[in-house]
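Asker: Handing you a structure now.
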Amino acid sequence: MKKNKILLLIAFLGLTIASCDYAFVVPEEVPDIPSTEDVSFATQVLPIFTAQCASCHKPGGKAPDLTAENAYQSINTTKYINQDNPESSLIYSYAAPDASTHSWKHLSAAQAQYLLVWIEQGAKNN
Ligand code: HEC
């Protein structure tokens, strides 16, 4: 009887420990972009839109149109970019990693960082 209890306990502990075995999600590294380094719209921001956003945000799709030909023109308005308070820019905040809005797609932490620094640097068509 006692042996059975011990066996049961061992089985229970074994199962408990096994169930704790989960895959660790390695957090994505957020780049610390030096302020002396210009973030380029064409080579750093646009590829994010092309890869993550333009499948829905395209001509005839949802506004803003984020396809390569139209993205800059589409977002270069006070509706999407707030130079006084970059973090509240709709193009950044709406799909930010922790945003409650836009469950369609969220920017990754690194992508959001590039977009934010680009806005902070004046949202230039560079
Ligand atoms: C699967 C389709 C899909 C993808 C991919 C997608 N979106 Fe959207 N997005 C939508 C839809 C649908 C809406 C409108 C409904 C809503 O507000 O959620 C929207 C709305 C928005 C708005 C608000 C527009 C406005 O004028 O109010 C912004 C900003 C936005 N998306 C940015 C992005 C960004 C940035 C990406 C890429 C990281 C992205 N979206 C990827 C479907 C998508």
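Asker: Looking at region 17-126, which GluC sites (Glu not before Pro) are in a loop (DSSP not H, G, I, E or B) and have at most 16 other Cβ atoms within 10 Å? Please report the intermediate quantities before stating the final value.
Answerer: Details: sites: Glu28, Glu29, Glu37, Glu69, Glu87, Glu120; in loops: Glu28, Glu29, Glu37, Glu69.
For GluC sites (Glu not before Pro) across region 17-126 that sit outside H, G, I, E and B with at most 16 neighbouring Cβ atoms in 10 Å, the list reads Glu28, Glu29, Glu37, Glu69.
Asker: Counting pairs of alpha carbon atoms under 8 Å apart in space and at least six apart in sequence, what relative contact order in percent does region 30-120 give? Present the calculation step by step, with values, prior to reporting the outcome.
Answerer: On the way: 101 pairs, mean separation 25.9, N = 91.
Relative contact order for region 30-120 comes out at 28 percent.
Asker: Sort Ile91, Ile48 by Cβ crowding within 10 Å, fewest neighbours at the top.
Answerer: Numbers: Ile91 27, Ile48 20.
So the residues, fewest neighbours to most, are Ile48, Ile91.
Asker: Moving on to the next point. Quick one: work out Rg over Rh on the C-alpha atoms of region 26-126, Rh as Kirkwood radius.
Answerer: Here the Rg-to-Rh quotient is 0.93.
Asker: Give me the number: length gained by fully extending Trp104 to Lys124, i.e. 0.36 nm times residue separation minus the C-alpha to C-alpha distance, one decimal in nm. Don't jump to the answer; show the numbers that get you there.
Answerer: Details: separation 20, 0.36 × 20 = 7.20 nm, distance 2.69 nm.
This chain segment gains 4.5 nm when fully extended.
Asker: Where the only charges are on Cβ atoms (+1 Lys, Arg; -1 Asp, Glu), what is the dipole of region 30-120 about its Cα centre, to the nearest 20 debye?
Answerer: On the way: 4 positive and 9 negative charges, 98 e Å.
Here region 30-120 has a charge dipole of around 460 debye.
Asker: In region 30-120, with Lys and Arg counted as +1 and Asp and Glu as -1 at Cβ, which of these residues, Cys53, Ala99, Val30, has the Cα nearest the positive end of the dipole, that is, farthest along it?
Answerer: Highest projection toward the positive end goes to Cys53.
Asker: Separate question: What nm value, rounded to one decimal, do you get for the distance between Tyr94 and Asp38 when each label is placed 7 Å out toward the C-beta?
Answerer: 2.7
Readers should treat all values here as calculations from the given coordinates under stated rules, not as data from a laboratory. Bear in mind that the values here come from a model prediction, so they are computed numbers and not experimental data. Neighbour counts are summed over all protein chains in view; Cβ atoms, including those assigned to glycine, are modelled from backbone coordinates with ideal geometry.
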